[in-house]
Amino acid sequence: MSIQPATKTISTKAAARDGLLAGGAACAPRSPQPARDLPAFTPALAREMAPLYEKVRHVVTPMEWPHYAPLVKAINELKVKRNAVILAHNYMTPEIFHCVGDFRGDSLQLAKEAAKTEADVIVQAGVHFMAETSKILCPDKTVLIPDPKAGCSLAESITAEDVRMLREAYPGVPIVTYVNTSAAVKAECDICCTSANAVKVVESLGAPRVIMVPDEFLAKYVQTQTKVEIIAWKGHCEVHERFTAEELLAYREADPGTRIIAHPECPPEVIEVADFTGSTAGMINWVKSNRPRKVVLVTECSMSSNVAAEVPDVEFVRPCNLCPHMKRMVNLKI
Ligand code: SF4
């Protein structure tokens, strides 16, 4: 199975060999080269693009928009020409998420949209394992990823061989994989879950003990929600593992009305001080329905901008942890 980049196919393993996936510093986004002539940002283009700018004006400045608008126009025209759809993950920057994304959401939502789409081409504005998931669900479609080096520290933390080793060490114990794994790892596991349905999936197996890979912190969170004994692999998300309880408590101390909403990939001590823990979709729904005066979304930084664009009445505190892999997605590459 291959996911096609713009020019050639590069596997995540090859990227890891090249030292491109293992650490944050090596994964800093590179400046893309312009691929085609873009329209100038004329008053006519500004008028044409005004409805799209309205969606992001709360988080994209009037100085930035003349740079994005011609790219957004070109991408949206190319989508029509190629009968393509763009699946935009919650961690995309706002001009991608709100202005070119046809479907927006977390891994689960995007996988469902991939399975349903009638389009010939799926462009995954996310990371490599997400494009693989789309290809698994849509084997007859062309799945493109704008930068095949967009990996994930969780997905890279485990191999298919590691899963076979776990089977030998724990005979008969079912293995649940989080969606953040390669297709090769998924093929070795019994069932796949997302952060939104992990507890349900673990309990659906009817087993007293379950192995969860690759995220140790998600496994620990699930353990607090179920009586099933969880054996955890020790993979971590390099974005979520950086948050600390101390920094979050400092925000709350500075303004006691600040609500703290955490993703289950965070360390247990962070989850302990949070007012709510949930998947990215769960976090967004919580903010939209509770409308706190001030909130910290303890997850990748761009998600705060994407939600802020829709709920301008809520103030977002942004401890800005960016995912270097997600940030490989930029308009020019799309
Ligand atoms: S935010 Fe974390 S889990 Fe998501 S792609 Fe980046 S490294 Fe992987």
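Residues in the range 183-205 that are in contact with a Pro (Cβ under 9 Å, 6 or more places away or on another chain) and polar (S, T, N, Q): 1 in all.
In the range 99-133, which residue that is among the hydroxyl-bearing types (Ser, Thr, Tyr) and within 15 Å of the ligand (Cβ to nearest atom) is farthest from ALA88 (Cα to Cα)? Per the stated criteria, the residue is THR133.
Report, by residue number, each residue of the range 108-124 that is in contact with an Asp or Glu (Cβ under 9 Å, 6 or more places away or on another chain) and among the acidic types (Asp, Glu). GLU113, the sole residue that qualifies.
Scanning the range 233-267 for residues that are of a type in the set (Phe, Trp, Tyr) and within 16 Å of the ligand (Cβ to nearest atom) gives TRP233, PHE243.
Filtered by the rule that a residue be outside any strand (DSSP E or B) and charged (D, E, K, R), the range 175-215 gives LYS186, GLU188, ASP190, LYS200, GLU203. Taking (1) within 16 Å of the ligand (Cβ to nearest atom); (2) hydroxyl-bearing (Ser, Thr, Tyr); (3) touching a Lys or Arg at 6+ places or on another chain (Cβ under 8 Å) in turn, TYR170 satisfies each apart from (1). Between VAL270, VAL295, the distinction of being in contact with a helix residue (DSSP H, G or I) (Cβ under 7 Å, 6 or more places away or on another chain) and away from the ligand (no atom under 16 Å from the Cβ) belongs to VAL295 only. Looking across the range 227-261, the residues that are surrounded by 15 or more Cβ atoms within 10 Å (Cβ to Cβ), closer than 16 Å to VAL199 by Cβ and free of Cβ contacts under 8 Å to residues at least 60 places away in the same chain come down to VAL228, ILE230, ALA232. Once the range 308-334 is narrowed to residues that are under 19 Å from VAL100 (Cβ atoms), away from the ligand (no atom under 16 Å from the Cβ) and modelled with pLDDT of 85 or more, the residue that is surrounded by the fewest Cβ atoms within 10 Å (Cβ to Cβ) is GLU310.
The values are calculated or read from the model by the stated rules, or taken from the named source; none is laboratory data. Fair warning: this is a prediction, and the values are worked out from it, not measured in the lab. No Cβ is skipped: glycine too gets one built from the backbone with ideal geometry, and neighbour counts run over all protein chains shown.
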